[in-house]
Amino acid sequence: MRHEAWYRLDNVAKIYPVLARSRHLTMFRLSATLTIPVDPDLLQQAFDQTLDRLPFFAVRLRRGLFWYYFEANPHPARIEPDVRQPLRPLLPGEHDGYLLSVRYTDRRIAVDFFHALTDGTGGSVFLKTLVACYLNLACHPVQPDPTHGILDCHAEFDPAEMEDAYKRHARFHKAHRPSLSRAFQLQGTLKPGHHFQIISGSMPVEALSHVARAHKVSVTELLVGVAMFQIYRLQQKGGFKIDAPVRISVPINMRRFFPSQTLRNFFLYAMPGIEPAYGDYTFNEILQTVHHFMRYTVNEKYLNAMMAANVMPENNWLIRMSPLILKNAIMRLVYSASGEASFSATFSNLGVQNLPPDLAKWIEQLDFLLGPSRCTPVNGAVVSCNGQVVVNLTSTIVETDFEREFFRHLVRLGVPVRIASNLN
């Protein structure tokens, strides 16, 4: 039985309803390609059971006088066949108001999430629990394993999974919000409507890790460094805003530093970057810049100061009592000035998904996609599973210069890459 209740949006979630329109990064997808065909009837049963276990995902977005809020959705949730163009922006009346959709193909189970609902970590728990539940219904037993994000669909929900971890962990000794200028952003021929392209590169974990170790950086730092270098090269080659900063937005999972079981949003962004106005950069210089920036800023004290800066306005009585229409106008203005305008692309690494053997043997590949953005036309999402790293680059522009050079650079570094795409 699902709980008839309403829920406040967490601190980060508040911006997404304001931006929920075409070409904004408000949706993301997680999917599992299985080694066996998908039975839609069993998948529908698994979806129902997963929502019963995780009632916070069975909600719809409502507009209040002062804030948006979630309320329990009374309608049944339905799975759908997959589509060529996933991650459609939420439209009123679609999916009976649900903020996620479960889609399937012959062997793939995919979940599209509205980012106000959860982040990549919460989404991965939902997907793995859904897939495990489906396999159990299909007579392929998978044991619950909360340490690997596989919950028992027959257990009671845990309120800790629904907490607003920002409010619990934010300390207000020091608030810090970096001031960033406008960054260089790639230009190109915009694809019509909601259409966007996906170019995917699959590579061995060990090969990529070996190259990262050789450069004394992490895998995330290596991928971000390659992306930044290729954006910088295109900037200088194109002669457009050649002195503008090049920055990559890197989501940081806050659960690494502040213990929490929450499946809601709990992340912040790191913004490593370079200043081409200072002079020319080599790849190694950019890679070291990314490495040292990440080591300096991605720590408990620095992140808490950023978190405090985000949470502090919620405690201001004037802001709290302002009507929602005014809040929305202010948030749009602030975001247009200091949101996507301050970075060149987003690169999100969900990390290695360690699956227990009874689940891993049924999964051929995991995929992670970030929705296309109006301002940053190319974004990257990374996930590792069963010895393979999959990098998915989503783009709203026709030109594929960045994607081509990004993967070529990895090959030159010694990483074998297998390419796939949704291009005709």
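Only the coordinates and a few stated rules stand behind these numbers; no lab work does. Note that the structure is a prediction, hence the values are computed from the model and not measured. All Cβ positions, glycine included, derive from the backbone under ideal geometry; neighbour counts span all protein chains shown.
Within region 366-409, which residues have the backbone N less than 16 Å from the label spot 7 Å out from residue 341 along Cα→beta-carbon, could you tell me?
374-376
Given R₀ = 25 Å, FRET efficiency for residue 156-residue 255 by Cβ-Cβ distance, to 0.05?
The value I calculate is 0.70.
Of 35, 376, 297, how do they rank once you tally other Cβ atoms within 10 Å and put the fewest first?
35, 297, 376
With a 10 Å cut-off between alpha carbons and a GNM built on the chain, which of 186, 326, 34 moves the most?
326
Pop the C-beta distance of residue 352 and residue 143 into the FRET formula with R0 = 22 Å and round what comes out to the nearest 0.05.
Rounded to the nearest 0.05, the efficiency is 0.60.
Please identify which residues in region 70-96 have an amide N closer than 17 Å to a label point set 7 Å out from the Cα of residue 106, following the Cα→Cβ vector.
Counting only backbone N, you get 81-84.
Once the dipole of region 6-150 is set up with Lys and Arg at +1 and Asp and Glu at -1 on Cβ about the Cα centre, which of 99, 140, 38 lies farthest towards its positive end?
Value computed over the given set: 99.
Order of 67, 362, 6 from fewest to most other C-beta atoms within 10 Å?
Values: 67 15, 362 18, 6 12.
With the fewest neighbours first, 67, 362, 6 line up as 6, 67, 362.
May I ask you to derive the FRET efficiency for residue 69 and residue 174 from their Cβ-Cβ distance with R0 = 30 Å, giving the value to the nearest 0.05? Write out the running numbers ahead of the final one.
On the way: r = 30 Å, r/R0 = 1.01.
Here the calculated transfer efficiency is 0.50.
According to the square roots a ≥ b ≥ c of the eigenvalues of the Cα gyration tensor, what is the shape class of region 147-189, taking rounded for a/c under 1.5, prolate for a/b larger than b/c otherwise, and oblate for the remainder?
oblate
Where in region 336-373 is the amide nitrogen less than 18 Å from a point lying 7 Å along the Cα-to-Cβ axis of residue 292?
The answer is none, because no backbone nitrogen lies closer than 18 Å to the label point.
Out of all DSSP beta bridges with both ends in region 6-150, state the antiparallel percent to the nearest 5.
90
Roughly how many Å is it from the Cα centre of region 106-157 to that of region 175-239, as a whole number?
Here the two parts' Cα centres lie 29 Å apart.
Looking at the chain, how many pairs of lysines come closer than 20 Å at the Cα, when each pair is eight or more places apart or spans two chains?
So the count of such lysine pairs works out to 6.
At 222 nm, what value in deg cm²/dmol follows for the chain if DSSP H runs of at least 4 each add -39500 (n - 2.57) and the sum is divided by all its residues, to the nearest 500?
Taken over the chain, the calculation gives -9500 deg cm²/dmol.
Do me a favour and compute the ellipsoid semi-axes for region 6-150 from its Cα gyration tensor, root of five times each eigenvalue, largest one first, whole Å. Write out the running numbers ahead of the final one.
Working: eigenvalues 137, 53, 38 Å².
Taking √(5λ) for each eigenvalue gives 26, 16, 14 Å, largest first.
Give me the net charge for the shell around residue 283: Cβ to Cβ below 11 angstrom, other residues only, Lys and Arg +1, Asp and Glu -1.
Overall, the nearby charge balance is +1.
When the chain is treated as a GNM, springs tying every alpha-carbon pair under 10 Å, which of 104, 278, 69 comes out with the largest mean-square fluctuation?
Per the Cα network of the chain with a 10 Å cutoff, 278 tops the list.
Name the most mobile residue of 406, 114, 283, meaning the one with the largest mean-square fluctuation, in a Gaussian network model of the chain with Cα contacts below 10 Å.
283
Could you tell me which GluC sites (Glu not before Pro) in region 313-405 are loop residues by DSSP with no more than 16 other beta carbons within 10 angstrom of their beta carbon? Please report the intermediate quantities before stating the final value.
Numbers: sites: 314, 340, 364, 399, 403, 405; in loops: 399.
Taking region 313-405 and a limit of 16 other Cβ atoms within 10 Å, the loop GluC sites (Glu not before Pro) found are 399.
Size of the dipole of region 6-150 about the Cα centre, Lys and Arg at +1 and Asp and Glu at -1 on the beta carbon, nothing else charged, in debye to 20?
With Lys and Arg at +1 and Asp and Glu at -1, about 580 debye.
Counting other C-beta atoms within 10 Å, which of 119, 367, 96, 401 has the fewest, and how do the rest follow?
Numbers: 119 25, 367 19, 96 12, 401 16.
Sorted ascending by nearby Cβ count, the order is 96, 401, 367, 119.
Once the cut-off is 26 Å, how many percent of the Cα-Cα pairs in the chain end up in the long-distance tail?
55
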